[in-house]
Amino acid sequence: MHHFNYRDNELYCEDVPIKLIAEKVGTPFYLYSHATLKRHFLTFDDAFDGIDRLVCFSAKANTSLAVLKLFADLGGGLDIVSGGELYRGLKAGIPPEKIVYSGVGKRKDEIDYALSAGILMFNIESLEELELINDRARLLKKKAPVAIRVNPDVDPKTHPYISTGLEKNKFGINTEAAIDCYKIAGGLKNIDVIGIDCHIGSQITEAEPFKDALSSIKTLINELRGLNIDIKYIDMGGGLGITYDDESPPHPGEYARSIMQAIEDMHVKLILEPGRVIVGNAGILVAKVLYRKQGKAKEFVIVDAGMNDLVRPSLYDAFHAIMPVVELEGEQIVADVVGPICETGDFLAVDRRIADFRQGDLLAVMSAGAYGFVMSSNYCSRLKVAEVMVRDDRFHVIRARQNYEHLIEGESIPPFL
Ligand code: LLP
């Protein structure tokens, strides 16, 4: 139950007919269900009941202020990868002491910002980064709390673009080098070593890779403890997959049980960085059919949302179900659902069996709450779409659709032209 359901042939988000929102807001727009966001967050968090943990929602999946505020109110922390995400998190009311900062390319100004804000910890991805953070902390007269992000070399069995824990990936520090890194960190005056971190990939649909990663982390912690390096936090990253089509990922309960069993004797606080599993199926993209056209080889349904609005199908060949907002009578068709952008890669679905969509019909691109709006762009000078949140029988535009003025904001024509 995701709170996107048909009632009398019409798709509703909670108690609001989606057609009504489209009439008021125009298309395309992203739509999030408050009840689903809340339930997903609490289901995930409650799955770890009984142990000391902090769920740091991974901001990159959905950085909407309204979404972050909802999680802040539920006691959530935040996993960030940029100064911009830190800014958003603080604006939304996430306490800095619940924020962890990951990412291979933290800039000096971003490090300073995070140090001044007083975040929970930096997840360090290289020796050079560690040294820079130590320098900046010294200048700011602070001690930087850090974890080392370890690359455990496990195969998450997911799309190659989103697997991060393999030896060949740019992320983290391999387990052998990590020991040296910890030793160095221990000797740095403005560094406080508090944790260990790993994140092996995204849209992972099996429990095994998580267990493998955890077992190499455990070995490492024991080794570190032998060296008198105390680890208070294990950050297991994110990565739990969702059902887009016919995947059957472990339920958060199952995922939690396997982690909890593994760490029960470790005396650490657990940090988790879920993104997709919380927001993915809590949001959809609503678009309208502009035209239908029969090509020589294929039929096309041309809609007003394109790859600039939702890039996942183009970038990862990702599957998103396409549903009619008002159920349609005709026989299903097989067609490509494509956007208005002048690229062949601009599609939302290829050779897909879908409803008999006609000009003017509304369609819902499902499971678009994660890595949807956040990855959208102004390509082809298309305006970024509106975002809407529904709660019970109310809806609110949580981000206004851009207008042409927004498009040229900050641009300037030099006087020599
Ligand atoms: N923590 C770290 C350090 C990460 O890099 C990520 C995602 C997460 C947590 C959250 O992972 P999740 O629970 O959402 O799987 N744009 C791609 C996904 C990229 C994920 C990048 N890192 C997509 O649309 O599938």
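The values are calculated or read from the model by the stated rules, or taken from the named source; none is laboratory data. All values derive from a computational prediction rather than experimental measurement. Surface areas here come from the heavy atoms of the whole protein model, side chains and all, with no ligands, DNA or RNA. Shrake-Rupley method; radii C 1.70, N 1.55, O 1.52, S 1.80 Å.
For 175, 164, the ranking by accessible surface with the largest value first comes to 175, 164, using a 1.4 Å probe. For the chain, the relative contact order is 19 percent, taking Cα pairs closer than 8 Å that sit 6 or more residues apart in sequence and dividing their mean separation by the residue count. Note on residue 389: accessible area is roughly 30 Å² with a 1.4 Å probe, heavy atoms of protein only. Exposure check, 1.4 Å probe, all protein chains in place: residue 3 carries approximately 50 Å² of accessible surface.
Taking amide H as placed 1.01 Å from N in the peptide plane, the amide H of residue 399 sits under 5 Å from that of 387, each at least 5 places away or on another chain.
Tell me, what is the percent relative contact order of segment 34-193, built from C-alpha pairs under 8 Å that lie six or more residues apart? Taking the mean separation of contacting Cα pairs over the length of segment 34-193, I get 16 percent. Across segment 134-283, the relative contact order, built from alpha-carbon pairs under 8 Å that are at least six residues apart, equals 23 percent.
Solvent-accessible area per residue for the chain at a 1.4 Å probe radius, Å²? Before the final figure, lay out the partial values.
Values: 18550 Å² over 417 residues.
Here the residues of the chain average 44 Å² of exposed surface.
Across all C-alpha atoms in segment 219-331, the radius of gyration and Dmax reach 22.3, 70 Å. Taking the accessible area of segment 338-391, probe 1.4 Å, and keeping the other protein chains in place, the carbon and sulfur fraction comes to 47%.
The coefficient of translational diffusion for the chain, derived via Stokes-Einstein from the alpha carbon Kirkwood radius under 10 °C and 1.306 mPa s, stands at 70 µm²/s.
Using heavy atoms of the protein chains and a probe of 1.4 Å, the accessible area assigned to residue 353 is about 150 Å². Pairs exceeding a 19 Å alpha-carbon distance, out of 170/269; 98/143; 106/143; 298/384; 183/232; 143/232: 170/269; 298/384.
Take every Cα-Cα pair in segment 109-207 and report what % of them are more than 19 Å apart.
44 percent
Within the accessible area of segment 196-299, what % is carbon and sulfur when the probe is 1.4 Å and the other protein chains stay in place? Mind dumping the intermediate values first?
Values: 1940 of 4250 Å².
It is 46 percent, rounded to a whole number.
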